[in-house]
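Heads up, the thing below is written out as structure tokens.
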Amino acid sequence: MTPIRHNGSDSDAVLDAVRDCVLAVGMRRTTLADVARRAGVSRMTLYRRWPDLQTLVGDLMTREWIDVATRAIPERTPGVSTRTRIVEGLVTGVGAFRAHPLFRKIVDVDPELLLPYVLDRRGASQEALLALLADALDEGHADGSVRIGHTGRQARVLLLTVQSFTLSLRTMTDEDDPELDSAAFLAELRTLLERTLTP
């Protein structure tokens, strides 16, 4: 059994526990009792904050996806435009999401968990990503490196684009062909984003 990493709060310990359970057996075979046991808390403690496993997994996905996104964004560097930072962050983020163990497990075992956020509504992680993108776009508008446009609409178009690459890239790639492998498609994504954002 993988030990829980305590990140300074009971909530983090619980989210670490549910992550470990989902990675081990998938969501359908995980129970709140499993999570409570792994986190070292009572089931009643869990029920006070999370009414069901789906809500708990939703909070886990929000934490993990925001972490991936914020790590993907390059630091401000003299001589590097905001547009370049946005493009590189998004391309890096697609690769990081696709390689993330939790994302891969959900896609392989419990893909229906992602469907509401693709077809019906925006989730908390999508709202957070839109806010990050909007801040970066505003910065790019101000320094002249990003085409002026409606910030909210631009952010949503960028998120729709990278969400499509993240979720569906493997349906279009042929990893045995260097012209059609993941790296080639990510290079095309970089070009697409650059052309979309260039003034």
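Which residues, taken from region 26-58, are farther than 17 Å from F103 by Cα, of a type in the set (S, T, Y) and under 25 Å from the mean Cα position of the chain (by Cα)?
T31
Test D177 against the stated conditions and say whether it is open to solvent by less than 90 Å² (accessible area, probe 1.4 Å), charged (D, E, K, R) and within 20 Å of G95 (Cα to Cα).
Numbers: open to solvent by less than 90 Å² (accessible area, probe 1.4 Å): yes; charged (D, E, K, R): yes; within 20 Å of G95 (Cα to Cα): yes.
Criteria met by D177.
For region 186-195, indicate whether the set of residues that are under 23 Å from D108 (Cα atoms) and part of a helix (DSSP H, G or I) is non-empty. Before you say what the answer is, go through the steps one by one.
Taking region 186-195 first, the residues under 23 Å from D108 (Cα atoms) are 186.
With the extra rule that they be part of a helix (DSSP H, G or I), the set shrinks to 186.
Within region 186-195, one or more residues are under 23 Å from D108 (Cα atoms) and part of a helix (DSSP H, G or I).
If I go through region 133-169 residue by residue, how many of them are closer than 28 Å to K105 by Cα and exposed (fewer than 12 other Cβ atoms within 10 Å of the Cβ)?
Residues in region 133-169 being closer than 28 Å to K105 by Cα and exposed (fewer than 12 other Cβ atoms within 10 Å of the Cβ): 2 in total.
Quick one: which residue in R29, R38 is out of contact with any Phe, Trp or Tyr (no Cβ under 7 Å at 6 or more places or on another chain), free of Cβ contacts under 8 Å to residues at least 12 places away in the same chain and open to solvent by 20 Å² or more (accessible area, probe 1.4 Å)?
Details: R38 fails: free of Cβ contacts under 8 Å to residues at least 12 places away in the same chain.
Just one listed residue meets the conditions, R29.
Starting from residues that are in contact with a helix residue (DSSP H, G or I) (Cβ under 9 Å, 6 or more places away or on another chain) and charged (D, E, K, R), keep the ones in region 41-53 and report whichever is least open to solvent (accessible area, probe 1.4 Å).
Among residues in region 41-53 that are in contact with a helix residue (DSSP H, G or I) (Cβ under 9 Å, 6 or more places away or on another chain) and charged (D, E, K, R), the one least open to solvent (accessible area, probe 1.4 Å) is D52.
Return the pair list, or none, for Cβ contacts closer than 6 Å from residues in region 147-170 that are more than 15 Å from I86 (Cα to Cα) to residues that are open to solvent by less than 40 Å² (accessible area, probe 1.4 Å) and at pLDDT 95 or above, at least 6 apart or on different chains.
F165/V94; F165/L189; T166/V94; T166/F97
Of the numbered conditions (1) of a type in the set (V, I, T); (2) closer than 25 Å to E188 by Cα; (3) touching a residue at least 40 places away in the same chain (Cβ under 8 Å), T62 fails exactly one; give the number of that condition.
So the condition that T62 fails would be (2).
Residue by residue through region 185-199, note down the ones that are of a type in the set (A, V, I, L, M, F, W, C) and either exposed (fewer than 14 other Cβ atoms within 10 Å of the Cβ) or closer than 15 Å to R83 by Cα (or both).
As a first pass, look at region 185-199 and keep what is of a type in the set (A, V, I, L, M, F, W, C): 185-187, 189, 192-193, 197.
A187, L189, L192, L193, L197, listed by residue number.
I'd like to know if region 123-144 contains one or more residues that are part of a loop (DSSP other than H, G, I, E, B) and at pLDDT below 95.
Residues of region 123-144 part of a loop (DSSP other than H, G, I, E, B): 123, 144.
Next cut, at pLDDT below 95 only: 123.
Within region 123-144 (the criterion being part of a loop (DSSP other than H, G, I, E, B) and at pLDDT below 95), the answer is yes, since at least one residue qualifies.
Of the residues that make up region 105-114, is at least one among the basic types (K, R) and touching a helix residue (DSSP H, G or I) at 6+ places or on another chain (Cβ under 6 Å)? Can you show your working first?
Our first condition is that a residue be among the basic types (K, R); within region 105-114, this holds for 105.
Filter again for touching a helix residue (DSSP H, G or I) at 6+ places or on another chain (Cβ under 6 Å), leaving 105.
Looking for residues that are among the basic types (K, R) and touching a helix residue (DSSP H, G or I) at 6+ places or on another chain (Cβ under 6 Å), one finds at least one in region 105-114, hence yes.
Of the residues that make up region 112-122, is at least one in a helix (DSSP H, G or I) and over 30 Å from L15 (Cα atoms)?
no
Would you kindly identify the helices (runs of 4 or more DSSP H) lying entirely within region 10-94 that contain at least 1 residues that are of a type in the set (D, E)?
Numbers: elements: 10-25, 32-39, 43-49, 53-72.
Output list reads 10-25, 32-39, 53-72.
I'd like to know if region 108-119 contains one or more residues that are farther than 25 Å from T191 by Cβ, crowded, with 17+ Cβ neighbours inside 10 Å and either free of Cβ contacts under 8 Å to residues at least 24 places away in the same chain or of a type in the set (S, T, N, Q) (or both).
Checked region 108-119: at least one residue is farther than 25 Å from T191 by Cβ, crowded, with 17+ Cβ neighbours inside 10 Å and either free of Cβ contacts under 8 Å to residues at least 24 places away in the same chain or of a type in the set (S, T, N, Q) (or both).
Matching residues to (1) of a type outside the set (V, I, T); (2) touching a Cys at 6+ places or on another chain (Cβ under 7 Å); (3) open to solvent by 60 Å² or more (accessible area, probe 1.4 Å):
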residue: T55; (1), (2), (3): no, no, no
residue: G58; (1), (2), (3): yes, no, no
residue: W65; (1), (2), (3): yes, no, no
residue: A72; (1), (2), (3): yes, no, no
residue: G79; (1), (2), (3): yes, no, yes
residue: T82; (1), (2), (3): no, no, no
residue: V94; (1), (2), (3): no, no, no
residue: K105; (1), (2), (3): yes, no, no
residue: Q126; (1), (2), (3): yes, no, no
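The values are calculated or read from the model by the stated rules, or taken from the named source; none is laboratory data. Everything numeric in this text was worked out from a predicted model, so none of it was measured. Positions of Cβ are backbone-derived with ideal geometry, glycine not excepted, and every protein chain shown enters the neighbour counts. In case anyone asks, the SASA skips ligands and DNA or RNA and just uses the protein heavy atoms, side chains included. Shrake-Rupley method; radii C 1.70, N 1.55, O 1.52, S 1.80 Å.
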